[in-house]
1. Would you please give the residues with an amide H less than 5 Å from that of residue 326, counting only those at least 5 places away or on a separate chain, with H modeled from the backbone geometry?
2. What FRET efficiency would be calculated for the residue pair residue 531, residue 356, taking the C-beta separation as r and a Förster radius of 35 Å, to the nearest 0.05?
3. Step through the table entries 530/554; 547/680; 168/441, compare each Cα-Cα distance with 25 Å, and write down the pairs that go over it.
4. If you filter segment 377-429 for chymotrypsin sites (Phe, Trp or Tyr not before Pro), then keep DSSP loop positions with at most 12 other Cβ within 10 Å, what is left?
5. What is the extension gain from residue 476 to residue 2, computed as 0.36 nm multiplied by their sequence separation minus the C-alpha to C-alpha distance, in nm to one decimal?
6. Test of understanding: what is the full-extension gain from residue 150 to residue 855, defined as 0.36 nm times their sequence separation minus their Cα-Cα distance?
7. Taking 0.36 nm per residue of separation and subtracting the Cα-Cα distance, what length does fully extending residue 431 through residue 736 add?
8. Towards the positive end of the charge dipole of the chain, with charges on Cβ (+1 Lys, Arg; -1 Asp, Glu), say which of 776, 472, 539 has the farthest Cα.
Amino acid sequence: MAADEVLGALASSPRGLASTEASERLARHGPNRLPQGKQRSAFVRFLAQFHNLLIYVLLAAGIMAAAIGHGPDAIVIFGVVLLNAVIGYVQEGRAERALDAIRRMIDPRASVMRDGRRMTVPAEDVVPGDIVILEPGDRVPADLRLISARNLKADEAAITGESVPVDKTVDPVEQDAPLGDRFSMAFSGTFVAAGHGMGVVTETGAATELGRISSMIGAVEQLTTPLVRQMNAFARQITIAVLGVSALVFAYAVLVRSYTLDEGFMAVVGLAVAAIPEGLPAVMTIALAVGVQRMARRRAIIRRLPAVETLGSVSIICSDKTGTLTRNEMTVKSVFTGEGAVTVSGAGYEPVGDFERGGKLIDPPADAVLPQLARAGLLCNDAHLTQKDETWTVDGDPMEGALVCFARKAGLDAADLRETSKRLDEIPFDARHRYMATLHKDEGAAPVVYVKGAPERILAMCDKVAGADSEPYDASIWHERIEQLAAQGQRVIAIACRTLPEGARTLRSPDVERGLTLLGLVGLIDPPRKEAMAAVAECRAAGIRVKMITGDHKATALAIAGQLGLAEHPEVITGQELDALEAEDFDARAQAATVFARASPEHKLRLVEALQADGSVIAMTGDGVNDAPALKRADVGVAMGDKGTEAAKEAAEMVLTDDNFASIVAAVREGRTVYDNLTKVIAWTLPTNGGEAFTIILAILFGLTLPVTPVQILWINMVTAVALGLTLAFEPTEPNAMSRPARPPGQGLISRRLLWRILFVSALMVAGGFGLYAWANERGLPVEEGRTMVVNAIVAMEIFYLFSVRYVHGPSTTWQGVLGTRAVLIGVAVVVLAQLAFTYIPFMQTLFDSRPLAVSDLAIITAIGVALLLIVEIEKRVAARLMPIRKPKWMRRYGRPRPPRG
């Protein structure tokens, strides 16, 4: 069908739907969402908790315990298995719901025409009949019949498999045309690769071509990362090794030490339960989910979970300038015309301010050039200013919003001028030609083309200056003025115009790229974010280098870099200079430079590859469709949630909802925190399990009575793994997290220091348990009472060791370390109450064969826990000197940057 017929059939128009009509259609057609894949039922999710090698071992042990007459032991074993499954089920459900909520924070949005004006709405609110505006990098929100297309290309690989972007037109095609040949359609889920266009929505949700093809989209993402997968594999390896050792110990106990079969079997069950870290993978997964939620609160949305780990290793952040390091609230501060320099007052987008030339106020409408310059800036522009609750905001590009504000300060009525001076055609801005041009026609006047863009590009297209007929056009003078404005940290654009022949109705590049009249230069200021300045200082203290990539002029970029404190003496290189370098020199300059000015998105990919060459871990920001390759190549691609295109968000691992550099640094801090907490979980779990296991092995080797029974070990693991181990997932950031080198990305799961810690603490726990049991025997106490003391001692040592583990890179014997966090204090309180029940409640005494203890015995048990804490703290300080953290290669080469003063 022809485009007009489609509009008629859908009861729509190029001005779009009325808001009320859109609401009615949304209620009628439903949200524009794809059907979700089949989710696992609650019952299947619960059963999945039992699909674990350890659980199979425990179930087999429980069945055999019941078969040989150990009923209470079997009940406890089955109880532990059930409790583990319930906790895993609840936590997995909470984590998945949290990630679903986080994903909804970056749901795609669409630009539509409603009530005759452009607005941005959630993609799921798009309805049939809506007019959707398409720009480079946008994801098409629904199936559209195009009604306008200018150089429009779409990447339809998701639908047709066609790897090359397809040219789009508004012309009808044959009714039976294959999907890939429907050039007048834009399909849901595809991306705009180039050009601009508009289309009317024909189908939404499940009725789209993507909906028909992709019925399985929307499956829940698994909470896993390389580190968690590595930990799962490690736990399986430990389980298999423990089963092998258990078989040998069983044979030794029965054949050498003359244990009965059931005694030997129950001893080995205790060994297996003690040694296997059953709760470790689950607690690590929860720590990961907690980290993702914390990052979301910091306005950093993780799209791919492995990025959480990688963030902790980031050593270089390559950041865009505008809106990320700066406020992205552009304001016109300076103007150069043929009549001289003009200073403009005012801040933000409120259209209130004065014009001064030579220290004297001037009236803009009375000036020879200012009205024409303001008119050009307003018409060659797609932005709108809106006022809400005395606050002015821009809908569109911030720089264009500043030009609209400037025009209103100059006395122009934006709505009236845009109505009377109709836009006939346009050449949208493109990074390749670096200008935007629009053609306008007033009644009774010749058509005029207005052009704005990069000043060097516009100056090359001009041959005269407005308002300076007696002054010959000298580009060198204007280049000096550009340098003058840029040195003040102002972003400079040039605005020009040209009158075309009477019959002109379309724009071609030759009409624009020669014979222009320069109207003037406009200097805009976008001040650095205060929080970005603090974040840059924090990065430098953490040994993270920050490199700024901008399309701005070299002098402007250098001025902003100085204000941000990126380096003591920031080195600047331009994109043009980079292009002239050989590959080897390119890598060296990429490492040395701090600021990359006049850089294009294409330079970003080369920069990422050059910076990764020495093993550095790179975070790269981007917002455009051309940034996608660099975002994919970077170790952590960071897309802008506000101004970023859907193509950039799709390619990135992380999306910033506020486009703020400080949020990247906050995410890096959280990434380090997550890794620290995962390390703490390992450092707490393995030594405590090792201590329990070695206690049983030594007792069997030397033919001693077991200091703890298998059921008591199950009790210890059940209580402490849930109440204590889980608290480490909620640990806050350590004070020195951003003042130490980044973790080397290839670092193994178990470092030298961690392996030593596991062995050292295991030995301390064995010594504490055996020593207390021997002391109880010397006093002539019953075996049951001695075992009760050992169980409480092991739990006490695990509690006090938890306080030591809370600080991996610093002392725990501080007031803050002793107080702990809310999660830790709750966990300790739960464990203490559970141990009191274990020791003193008759039902528990029957089940676990425990006995009540004297207060003096409890005091000694507590003293053993305190002694372990003090010994481990002393060891921590000694080990830090003997086995210091090795700096990454890049830091050894470049040294740690000194933070800026102040």
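Read the figures in this text as sums done on the coordinates, not as results from a lab. Bear in mind that the values here come from a model prediction, so they are computed numbers and not experimental data. All Cβ positions, even for glycine, are placed from backbone atoms using ideal geometry, and neighbour counts span all protein chains on display.
1. When sequence neighbours closer than 5 places are left aside, the close amide H contacts are 529.
2. After rounding to 0.05, the efficiency reads 0.65.
3. In this structure, 547/680; 168/441 lie more than 25 Å apart at Cα.
4. Those that pass, being in a loop and sparsely packed, number zero.
5. The span from residue 476 to residue 2 would gain 165.5 nm if fully extended.
6. Full extension of this stretch gives 245.3 nm more.
7. Gain on extension, residue 431 to residue 736, equals 105.6 nm.
8. 776
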